[in-house]
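Shown next, in structure tokens, is the structure this report addresses.
The values are calculated or read from the model by the stated rules, or taken from the named source; none is laboratory data. This one's a predicted model, so the numbers in the text were calculated from it and none came from an experiment. Please note: Cβ atoms are built from the backbone with ideal geometry, for glycine as well, and neighbour counts cover all protein chains shown. To get the accessible areas, we keep the full protein, side chains included, count just its heavy atoms, and leave off ligands, DNA and RNA. Shrake-Rupley method; radii C 1.70, N 1.55, O 1.52, S 1.80 Å.
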Amino acid sequence: MTVNNKRVFYVKYLAHEIYVDILKKRPDVRLDRLENETPEATFAPVLADAHAYQIGAARDELAPHFHAHAELLKRAPNLLIVSSNGAGFDPVDVDACTAAGVLVVNQSGGNANSVAEHALGMMLTLSKRIIQSDRRLRREANVNRNDLIGNELKEKTVGIVGLGNVGRRIAELCRGLLHMKVIAYDPYLTVDEMAKRGGEKVELDDLLRRADFVSISCPLDNKSRGMIGAREFALMQPHAYFVTTARGFIHDEKALEEALRDKRIAGAGLDVWAKEPPPPDHPLLQFDNVLASPHTAGVTREARINMGRIAAEQILDALDGKRPPRIINPEVWPVYARRFEKAFGFMPG
Ligand SMILES: O=C(O)CC[C@@H](O)C(=O)O
């Protein structure tokens, strides 16, 4: 085996050590670690050499010069694969990668349970008014319990937007654990596929009108960007909660602020933001009925280990000439295969 002929680089703080451990076991792989603070000039030689690049999934967390855009790709002529640490791949310009013959993979499914549990936690916390109870108890001597009447989730309707890995797990938990009714909007799934994933297929407007909890778990793309705005919040019931663990920009923050101010909905659970992390004086953080987290739905030990392992396996698949299972741009394969052959002397299968 040729030593060190496959070159991988990753941005340090984003990768779990299991990722490093797996790749380090391979004598044919040279692994370069960069820090998020590494200046552009320093990583130019690494870039010029690299076959594989492990990148973060959240846009604002990664220094802009690390984003996999056309400029970066021009300076990385040997690059075969860009791999996002998450299910999302915000810092990756997929079209530019496809044009350059570079495979893009994500780690979809690796953090699905963690994200779904977070969505469920938000629904429970909001509905049972746990945060409000906690806050009031800390500042008031005689809290009136009747001000804090909550609702059970049992037999309520959850409307899930996007029934992929995360949405499906939310559906399972809501139905199985809490005996909720599940309706879902996902234009990519048929009625039967939806039923297999435990949801009744409905259109988005219908979902917004019927749901007691609206939970967003679809990817951010051109179709979902701005999908939930003033019109959509107006369709929701006044007692309904809006929860999102997907991406900022799918919902319009200004419209949500207005819906909350006008009491058109009961509250919101927000893990994702247009700008992350949101500043403490963000208007949405001023509402007592907003439960907020800084994109931590998938930040659990278990998810990090899963994601790191899957990411390392997919990088090795690609560098060993096997087709990784989670390709975002499968149409690139023929061009990729020719580039791979040129680099390693055989066609990937
Ligand atoms: O960095 C992470 O925790 C992953 C982000 C998560 O939203 C995902 O895209 O899977």
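I'd like to know if the stretch 99-111 contains one or more residues that are of a type outside the set (A, V, I, L, M, F, W, C), open to solvent by 10 Å² or more (accessible area, probe 1.4 Å) and not in a loop (DSSP other than H, G, I, E, B). Checking the stretch 99-111: not a single residue is of a type outside the set (A, V, I, L, M, F, W, C), open to solvent by 10 Å² or more (accessible area, probe 1.4 Å) and not in a loop (DSSP other than H, G, I, E, B).
Scanning the stretch 305-349 for residues that are among the hydrophobic types (A, V, I, L, M, F, W, C) and under 30 Å from Ser114 (Cβ atoms) yields Ile305, Met307, Ile310, Ala311, Ala312, Ile315, Leu316, Ala318, Leu319, Ile327, Ile328, Val332.
When we screen Ser224, Ser215 for residues that are crowded, with 19+ Cβ neighbours inside 10 Å and part of a loop (DSSP other than H, G, I, E, B), the only hit is Ser224.
Filtering the stretch 267-299 to residues that are in a loop (DSSP other than H, G, I, E, B) and open to solvent by less than 30 Å² (accessible area, probe 1.4 Å) leaves Asp271, Val272, Trp273, Ala274, Pro278, His282, Ser293, Ala297, Gly298. Total residues in the stretch 153-186 satisfying the condition of being in a helix (DSSP H, G or I) and under 23 Å from His251 (Cβ atoms): the figure is 9.
Only one residue in Ala68, Ala100 is out of contact with any Pro (no Cβ under 7 Å at 6 or more places or on another chain) and among the aliphatic types (A, V, I, L, M), so which one is that?
The match here is Ala100.
Scanning the stretch 82-98 for residues that are within 16 Å of the ligand (Cβ to nearest atom) and either in a helix (DSSP H, G or I) or β-branched (Val, Ile, Thr) (or both) yields Val82, Val92, Val94.
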